[in-house]
Amino acid sequence: DPRGLYTCRVGETTEEKLQVHYRMCQNCIEVDAATISGIVIADVVATVLLAVAVYCVTGHDRGHTSRASDRQNLIANDQLYQ
């Protein structure tokens, strides 16, 4: 506990006093370097997985043609009312 009254002496005659007030955090969690690196690595992995999921969901169908365009080509405009 670093709280208290400290004295600084220079030589034999000079003396200065310093009052230290220290306040501890009640709900703080001490984090070391391994925990921080684990959090960063987990965040990067989660971001990559999310990016892959978005890429897969959007889907890039290169070999398939759209059925809507096939239906439009079945009937020509001049034969529509015949």
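Observations on the structure shown:
- Residue within the stretch 3-11 that is within 36 Å of the chain's Cα centre (by Cα), open to solvent by less than 100 Å² (accessible area, probe 1.4 Å) and aliphatic (A, V, I, L, M) present: no
- Qualifying positions in the stretch 19-38 - open to solvent by 90 Å² or more (accessible area, probe 1.4 Å), in a loop (DSSP other than H, G, I, E, B) and of a type outside the set (Val, Ile, Thr): HIS21, TYR22, ARG23, MET24, GLN26, ASN27, GLU30
- Listed by first and then second residue, the pairs with beta-carbon distance under 7 Å, at least 6 apart or on different chains, first residue in the stretch 12-26 and among the aliphatic types (A, V, I, L, M), second at pLDDT 75 or above and open to solvent by less than 100 Å² (accessible area, probe 1.4 Å), are LEU18/CYS8; VAL20/GLY4.
- Check on GLY11, out of contact with any Lys or Arg (no Cβ under 8 Å at 6 or more places or on another chain) and at pLDDT below 85: yes
The values are calculated or read from the model by the stated rules, or taken from the named source; none is laboratory data. Quick caveat: nothing in here was measured; it's all calculated off a predicted structure. A quick note on method: Cβ atoms are made from the backbone with ideal geometry, for glycine too, and the neighbour counts reach across all protein chains shown. With ligands, DNA and RNA removed, areas are computed over all heavy atoms of the protein, side chains included. Shrake-Rupley method; radii C 1.70, N 1.55, O 1.52, S 1.80 Å.
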